Structure formats: C-alpha cells, structure tokens
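The values are calculated or read from the model by the stated rules, or taken from the named source; none is laboratory data. All values reported here derive from a predicted model rather than from experimental measurement. Every residue, glycine as well, gets a Cβ built from its backbone with ideal geometry; the counts of neighbours run over all protein chains shown.
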Amino acid sequence: MSDSPTLPVRGGFMRYVAAAFRNRWNLALFGAASAFALLSPMPDALIPIVVGLEGAFLLGLVSRPRFREAIDARDAATRRDSQVTSADDLSLQLQSRLALDDRQRFLRLVERCREMQSLAVTVRPGTTPGDDMRASALNRLLFFFLRLLVARRSLRQFLAQSNRLQMTEQRASLAAQLVAAEQGGDGRVIGSLRDTLKDLDTRIANYDKGDKDFSFLELELTRIEGKVHALAEAAITRQDPAELSAQVNAFADTLQMSQDVASQMISLEDLELATTDAPRILEATRTQVGARLR
C-alpha cells in the first residue's frame with residue numbers, strides 16, 4: 001500500500017475570482033481607487049470605471065494558467081494540513097479508547113521504533129530518502145496496530161456482555177416448549193417460539209463468530225507487532241534503496257491483505273478506516289508519549 005500523491009484541489013471559476021480579489025495588493029489598490037472615486041467631484045462617472053477596471057484585472061489574472069495552478073496548489077496544501085491534523089486527532093482518540101495495558105503496549109512499540117531511529121543516527125549519521133520511506137511504512141503499520149487494538153477491545157466488551165451458556169440453555173428450554181406447542185396445535189405459540197429460536201440462533205452464531213474473530217485479532221496483533229520490530233530494526237543496517245523498497249513493499253502488501261481480511265471479518269467502525277491517511281505517530285513529541293504512558 002503505497003502513499004498516493006495528493007492531487008491539486010480543483011474548483012469553479014468563481015473560486016479563482018474570489019482568490020484574485022482577496023489578494024492584499026488588489027484589495028489595497030481597489031480600495032484606494034474606490035475612495036478616490038467616491039471623494040471626487042464626479043463619483044457617478046468614476047465608480048463604474050473603477051469597477052470595470054477591477055473586473056478586467058480579475059478576468060486577466062484568472063485567465064493565466066500559472067495563477068490557477070498556484071491557487072490549486074495552495075488549497076491542496078491547506079487540505080493536506082487539515083487531513084494530517086485530523087489523522088493525528090484520530091490517533092489520539094483511538095488511544096484514549098484503549099485499556100491502560102493496551103495503550104502502554106502500543107506506546108512501548110512506538111518508543112521502540114524511535115529508539116531504533118536514534119540508534120541508527122549514531123551508527124550512521126545523516127538521513128537518506130530510505131529513512132523517510134521506512135518512517136512512512138512504520139506509521140502505517142503502527143496505525144493499523146492501533147486500530148486492531150481498539151477493535152479487539154470492542155470485541156472483548158461484546159463477548160463479556162454476552163453469555164453463550166445462558167443463551168444455549170434458553171434455546172433448549174424454548175425448543176422443548178416448541179415441541180409441546182406443536183403437539184397441542186397452537187399456531188400463535190408455535191410462530192412466536194420459532195421466531196424467538198431464530199433470533200437466539202443468530203445471537204449464538206454472532207457470539208461464536210466474535211470469539212473466532214477475537215482469536216484472529218490476537219494472532220494479527222502479534223504478527224503486525226513483529227513486522228514493526230523487524231522494519232524498525234532494519235534502520236541500523238541502512239540497506240540500499242532497492243532492498244529497502246522491496247522490503248517496505250512486502251510489508252505494505254502484507255498490511256493491505258491484513259486490512260482486507262479484517263474488514264471482511266468484522267464490520268466495526270474501527271476497521272473501516274482504510275482510506276484514512278496514517279497519522280505521524282513517530283513524529284509526536286516524546287513528552288506527549290511519556291505523559292500518556294503515565
């Protein structure tokens with residue numbers, strides 16, 4: 001799963017006109033010209049001229065492709081900053097939903113990655129494009145690991161609030177009542193009992209699936225955690241770009257496969273974030289991490 005470039009924001013004609021009008025130099029000149037026209041002996045004649053010149057200036061500026069490209073780039077940068085802020089906020093929100101032991105497990109993993117980054121700098125000073133590639137892949141892996149932790153907590157709560165033994169005993173009792181009702185020929189009772197049994201079967205099936213999904217998440221957490229360690233520790237060796245790219249792509253492919261399986265496995269909001277850009281987890285300050293660990 002590679003990072004896709006952010007495309008420039010496209011907009012209508014009026015968006016470019018508004019951007020040109022709000023330019024500070026245009027506002028200053030237009031304001032000065034308008035004030036002069038209003039204070040002149042012939043405001044009725046001069047104001048239309050000022051407005052006409054302003055319109056011609058705006059149309060001329062907007063017709064220039066370079067100006068439109070600059071506005072697109074500016075708006076795209078604003079959108080990227082907003083997305084990064086939203087992703088960072090989402091990361092903090094997800095962490096706050098974790099139990100203390102899970103949150104500490106996640107933050108210890110983040111700290112391990114940072115320790116490997118710091119150690120790599122002492123072994124081989126300087127940075128390379130491969131370091132940015134590795135950091136981006138680690139952020140994606142860490143973000144998915146965090147989402148798995150939250151999903152597992154949701155499943156744990158669901159399982160804790162359900163009692164399979166009680167549902168099974170209730171089903172056996174209702175099944176016996178259904179047999180008796182069928183012998184008695186009471187259609188209303190038969191219909192009610194059959195519908196109740198159907199709902200119980202659905203609940204029991206949901207519980208069994210949730211139990212299997214919980215076990216799968218345990219395995220996935222261990223697997224993803226191992227991949228994070230492997231990729232973080234690879235920073236010490238500083239592989240050549242081709243080797244690093246192949247390694248990162250392999251991790252990304254594995255992550256995409258894991259996301260696809262997890263999304264099909266349970267339809268939880270926590271796992272429906274595949275389109276969300278990974279937050280800059282490794283770039284968060286150590287002070288913040290230390291405060292959360294406490």
Cβ contacts < 8 Å: first residue under 14 Å from Glu54 (Cα atoms) and assigned by TED's automatic domain parsing to the domain that holds Phe67, restricted to segment 12-37; second residue assigned to a helix (DSSP H, G or I) and small (Gly, Ala, Ser), any location; separation 6+ or different chain. Result?
Asn26/Ala20
Regarding segment 169-190, can at least one residue be identified that is surrounded by 12 or more Cβ atoms within 10 Å (Cβ to Cβ), hydrophobic (A, V, I, L, M, F, W, C) and touching a residue at least 40 places away in the same chain (Cβ under 8 Å)?
no
Matching residues in segment 137-185 - criterion: being more than 30 Å from Glu220 (Cα to Cα) and of a type in the set (Lys, Arg)
Arg171
Subset of segment 191-215, residues of a type in the set (A, V, I, L, M) and either exposed (fewer than 15 other Cβ atoms within 10 Å of the Cβ) or not in a helix (DSSP H, G or I) (or both), comes to Ala205
